[in-house]
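Here's the structure we're looking at; comments come further down.
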Amino acid sequence: MTGLAFALLLSASLAAYMINRRAALALRDRGERLHSLGMFHGLYGLLLILVPAVVVTILWIMLQNGVINTLTMSSLPDGALADMANPQLVLSEIQSLAQGRVFGTPEPWKLEAAERMNDLRANSAWLMVAVVAALSAILLLVSRRQVAAAFRARQAVERIVMGLMITCSLVAVIVTFGIVFSLVFESIRFFQMVPLTEFLFGTRWEPQMPIRADQIAAEGAFGVLPVFLGTLVITFVAIAISVPIGLMSAIYLNEFADRRFRAVAKPILELLAGIPTVVYGFFAILTVAPALRAWGAALGIPVAPNTALAAGGVMAIMLIPFISSFADDALSAVPRSLRDGAIALGATRSETVLNVLFPAAIPGIVGGVLLAVSRAIGETMIVVMAAGLIAKMTLNPLDSVTTVTVQIVTLLIGDTAFDSPKTLAAFALGLMLFIVTLFINILALRIVRKYREQYD
Amino acid sequence: MTDLPNQRSKPAPTWSSDEFKGRLARRHRKEAGLKFLGLAAIMLAFLMLGILLWTLISGGAQAFRQTHVTLDVPVSAEMVDAADPAGGNYRGVIAEAMQATFPEAPQERMRALSGIVSNAAQFVLRDRIVEDPSLIGQTIQIRVPVSDVYDQLKKGNVDELSDESTRRLSDADIAAFRQLEAEGRITLPFNWALFTQADSRFPELAGLKGAIIGSAYALLVCFLISFPLGIGAAIYLEEFAPKTRFSDIIEVNINNLAAVPSVVFGLLGLAVFLNWFGMQRSAPFVGGLVLALMTLPTIIIATRAALKAVPPSIREAALGVGASKQQVVFGHVLPLAMPGILTGTIIGLAQALGETAPLLLIGMNAFVTSAPSTPFDASTALPTQIFIWADSPERGFVARTSAAILVLLGFLVLMNALAIYLRSKFERRW
């Protein structure tokens with residue numbers, strides 16, 4: 001059905017293009033002087049149909065499921081939901097019944113509801129096609145009536161295109177608002193169940209405790225401090241390993257390497273940045289963590305199976321090219337005159353780098369490191385696979401710790417009920433993550449920009 | 001000032017003095033030290049990359065081949081009714097075939113011997129018979145996968161010398177398998193099932209078809225949404241937007257959006273697309289939507305850079321012959337910037353292909369045993385399939401995870417190679 005709707009609106013708009021263009025050309029052939037080229041008359045018809053019809057169709061597809069679900073749920077017999085703790089489970093059961101997946105023997109009212117849902121789906125699909133058809137026909141007539149010698153079709157087309165482009169650039173803003181709004185909305189619901197002070201200052205994180213929605217979260221179970229501490233430990237490990245390696249390789253590439261080595265080495269380093277993080281996660285659990293454990297055992301140091309060192313170390317590998325390319329850019333951006341001046345005074349290359357270039361490049365490097373920190377905090381797959389699940393108040397990198405992102409994913413994996421504090425806690429964590437990384441990013445970009453202005 | 005020879009009153013330390021030489025040597029040592037440290041850092045990074053790739057290749061290579069056993073299967077009419085071939089007792093047929101293969105084996109060993117053949121054998125046989133019911137009553141030869149433990153045995157991952165109680169296969173099991181090998185029934189062909197089958201609970205049957213198609217749908221949706229939106233936004237911001245507070249806000253916004261952690265986009269998708277709009281869980285369409293929002297900033301930034309690289313003389317020339325501003329952009333600047341835009345888009349899509357966390361949150365880690373036929377069916381994607389398999393305890397899934405990663409990396413290399421080709425082929429330096 002969706003395909004039919006799109007085919008319909010595409011053919012209608014193409015038809016509008018041809019009809020209007022031909023009408024405009026016919027006017028010209030009759031000796032009238034057109035303001036715009038025939039093509040623009042055609043394009044005007046095309047856009048006049050395409051834009052509203054596509055918007056309507058997409059909105060319809062996005063909203064129809066929600067409407068159908070509400071209609072189905074509201075038409076359930078009275079009392080059917082009364083003894084159900086969770087209407088969302090009922091809804092998902094009806095949905096799977098409607099798709100023909102029957103488990104066991106469902107109650108008759110559920111089967112009825114599933115049938116009604118299917119009816120509503122079919123009706124909605126037909127209604128959508130009908131609406132698209134009617135809309136296209138009306139707009140085709142409207143645009144056809146506007147074809148006239150004096151009609152400024154090009155200006156009209158350009159206005160529509162400009163409007164479209166402005167809308168496109170607004171999407172980025174809308175997405176940001178969507179993120180902030182959805183996170184804040186769900187977090188507020190969370191903080192109605194768990195006080196904000198408990199969340200921020202509690203030292204115990206045991207979110208799995210409230211299983212059913214009617215249970216109230218045990219006091220102190222949603223204290224975010226140990227989770228934050230875990231994130232800090234892993235981030236610290238990652239940064240402590242990646243910054244020296246990244247900086248050193250940037251210095252070597254920038255100052256000592258000949259052009260051929262640089263041409264080979266830089267893309268290989270970039271490869272490390274292009275590897276998906278799920279691959280790093282697998283590498284951490286398959287190779288790095290067992291190796292660390294074996295070394296620990298050989299030295300007599302107890303190392304947890306999912307030690308923070310494994311997750312942080314592998315994350316460091318991922319961050320090396322990031323830091324190295326930022327540092328490389330920062331070193332290259334130092335004006336040539338500084339470098340030449342140092343060399344002319346007789347400084348060796350290493351003295352030039354360490355005493356002249358490096359201090360001058362510090363703001364850019366710091367900006368890059370800050371961005372790396374924000375990536376390390378927000379990095380998900382490596383820690384989900386290689387870090388622990390249990391929040392502990394510890395600073396020991398050999399121990400197993402958990403992070404904000406790990407908790408978000410484990411709380412939301414599988415079926416989610418939007419009325420339990422367990423699910424909503426993930427959104428509160430997400431909000432904190434968003435605020436912290438946003439703050440770091442803005443700071444980093446500001447430092448980088450400020451530094452650039454000094455020399456340009 | 002030029003001719004003043006031998007006018008020094010006291011001998012200054014010259015470059016040849018011991019003190020001077022010592023200092024110079026120290027400085028040179030420091031230089032060499034820094035150089036060595038830099039090279040060591042780079043080599044360390046290379047070493048890590050090497051270990052990573054080596055782990056994946058050595059672990060994943062095995063999964064590209066799959067041990068098969070060839071069986072003579074007597075399809076008797078008692079077991080399979082010619083009127084209803086799909087409803088036959090194929091498990092029994094396979095058991096009979098094993099009995100025929102090991103005629104001297106005692107009855108109580110038969111259960112263990114049937115375990116050599118994968119659980120899929122009965123379905124392979126069923127499909128064969130349903131396709132051609134005239135085979136009922138005959139003895140036919142089929143080649144089916146062996147189950148995972150025997151696959152591991154064939155690939156040399158079972159230590160036969162270890163204590164019998166510590167391994168899953170008894171000595172008798174291994175002897176039976178060796179007998180089949182001696183009879184030439186065991187083969188190790190290329191594992192096409194990895195690409196033609198969807199996920200399964202049994203490692204010897206699990207394939208990537210569902211994940212590849214799911215990823216393809218998600219990327220298609222991602223491209224269809226983010227490409228036009230990104231280009232539209234970039235053109236407006238680069239060519240038309242007046243320098244106002246409003247356009248400044250949009251710019252800052254896009255830069256920040258590019259650095260938002262991917263898991264946050266997953267939260268957005270879960271709250272907005274699944275919870276508020278009631279869209280289908282685990283659907284590649286929703287995955288594509290979320291990925292599109294993530295890719296959008298990348299495409300906008302790449303497009304703006306490509307537009308900026310077109311020299312102003314092109315614009316001025318077009319304006320000079322009377323084109324409107326939009327005609328200049330769409331008729332001249334955009335086509336010239338297209339190679340750069342496409343390169344940026346492909347790189348953005350390659351990033352989206354490897355993205356896992358947001359897909360996990362919208363449920364694309366579901367266990368689905370059939371490939372999706374539309375973008376609205378439940379499905380996995382390549383990275384989430386890797387995540388699922390990495391979590392599975394069976395030995396066979398370890399190799400399969402590496403193989404899946406190699407497939408994913410293969411796609412990434414292809415996309416990046418395409419981007420590099422486009423750049424080198426069409427890029428113009430002005």
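Derivation of every value follows stated rules applied to the coordinates shown; laboratory data play no part. Please read all numbers here as calculations on a predicted model, not as lab measurements. Using ideal geometry, Cβ is built from the backbone for each residue, glycine included, and neighbour counts are taken over all protein chains shown.
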Response to the item:
Listing B:Asp199, A:Asp328, B:Asp18 by rising number of other beta-carbon atoms within 10 angstrom, fewest first, gives B:Asp18, B:Asp199, A:Asp328
Item to complete: Return the distance in nm (one decimal) between the two label points of a simple spin-label model at A:Leu338 and A:Leu299, each offset 7 Å from Cα along Cα→Cβ.
Response: 3.8
Worksheet, complete the sentence: Among GluC sites (Glu not before Pro) in segment B:66-173, those in a DSSP loop whose Cβ has at most 14 other Cβ atoms within 10 Å are B:Glu78, B:Glu104, B:Glu160
Worksheet item: Around B:Val117, which amide H atoms from residues at least 5 apart in sequence, or from another chain, sit under 5 Å from its own amide H, with H modelled in the peptide plane?
Response: B:Ser147
Worksheet entry | 10 Å Cβ shell holding at most 14 others, DSSP loop, GluC sites (Glu not before Pro): longest site-free stretch of chain A | A:220-456
Fill in: Estimated inter-spin distance, A:Leu443 and B:Met338, nm [label 7 Å along Cα→Cβ]
4.6
Worksheet entry | Order of B:Thr303, B:Thr369 - criterion: other Cβ atoms within 10 Å of each residue's Cβ, fewest first | B:Thr369, B:Thr303
Worksheet entry | Reduced Cα scattering model of the protein assembly as shown, Debye log10 I(q)/I(0), q = 0.05, 0.07, 0.08 Å⁻¹ | -0.38, -0.72, -0.92
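What do you get for GluC sites (Glu not before Pro) in segment B:172-223 restricted to DSSP loop and a cutoff of at most 15 other Cβ within 10 Å of the site's Cβ?
Passing sites in segment B:172-223 are B:Glu183.
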Worksheet item: Given only helices, namely DSSP H runs of n ≥ 4 each adding -39500 (n - 2.57), what is the per-residue ellipticity at 222 nm of chain A, to the nearest 500 deg cm²/dmol?
Response: -25000 deg cm²/dmol
Worksheet item: Distance in nm between label sites at A:Val67 and B:Arg178, each 7 Å beyond Cα in the beta-carbon direction?
Response: 7.1
Worksheet entry | Normalised alpha carbon radius of gyration of chain A [divisor 2.2 N^0.38 Å] | 1.36
Worksheet entry | In Hz, Karplus ³J(HN,Hα) per residue of segment A:221-230 (6.51, -1.76, 1.60; θ = phi - 60°; x = Gly, Pro) | 6, 10, x, 8, 4, x, 5, 5, 4, x
Item to complete: Grab the beta carbon distance between A:Glu107 and B:Ala82, set R0 = 25 Å, and tell me the FRET efficiency rounded to 0.05.
Response: 0.05
Worksheet entry | Stretch gain in nm, segment A:Ile268-A:Glu206, where the contour uses 0.36 nm per residue and the Cα spacing is subtracted | 18.1 nm
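Based on the Cβ-Cβ distance from B:Lys30 to A:Asp329, what FRET efficiency comes out when R0 is 35 Å, to the nearest 0.05? Intermediate results must be reported in sequence, preceding the final value.
Values: r = 25 Å, r/R0 = 0.73.
E(calc), rounded to 0.05, equals 0.85.
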Worksheet item: Using alpha carbon centroids, what distance separates segment B:93-148 and segment A:331-358, in Å?
Response: 76
Discussion item. Could you tell me how far the Cα centroid of segment A:391-445 sits from the Cα centroid of segment B:355-378, in Å?
Written reply: 23
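Show me the helices of chain B, taken as full DSSP H stretches, that run 27 Å or more along their long axis by Cα and average -0.5 or above in Kyte-Doolittle hydropathy. Don't jump to the answer; show the numbers that get you there.
On the way: long enough: B:18-60 (61 Å, 0.57); B:209-235 (38 Å, 1.81); B:284-309 (35 Å, 1.54); B:334-354 (30 Å, 1.43); B:395-426 (47 Å, 1.32).
Counting only whole DSSP H runs, the qualifying helices are B:18-60, B:209-235, B:284-309, B:334-354, B:395-426.
For chain B, what is the calculated [θ] at 222 nm in deg cm²/dmol (nearest 500), taking -39500 (n - 2.57) for each run of four or more DSSP H residues and dividing by its residue count? Intermediate values should be presented prior to the final figure.
Working: 17 runs with 248 residues, N = 430.
Taking each H run of at least 4 residues, the total per residue is -19000 deg cm²/dmol.
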Discussion item. Taking the Cα of A:Ile138, stepping 7 Å toward and past its beta carbon, and measuring to each backbone N in segment A:34-70: which are under 15 Å?
Written reply: A:48-57
Worksheet item: For A:Leu10 and B:Lys425, what is the calculated FRET efficiency with R₀ set at 35 Å and r taken between the beta-carbons, to the nearest 0.05?
Response: 0.65
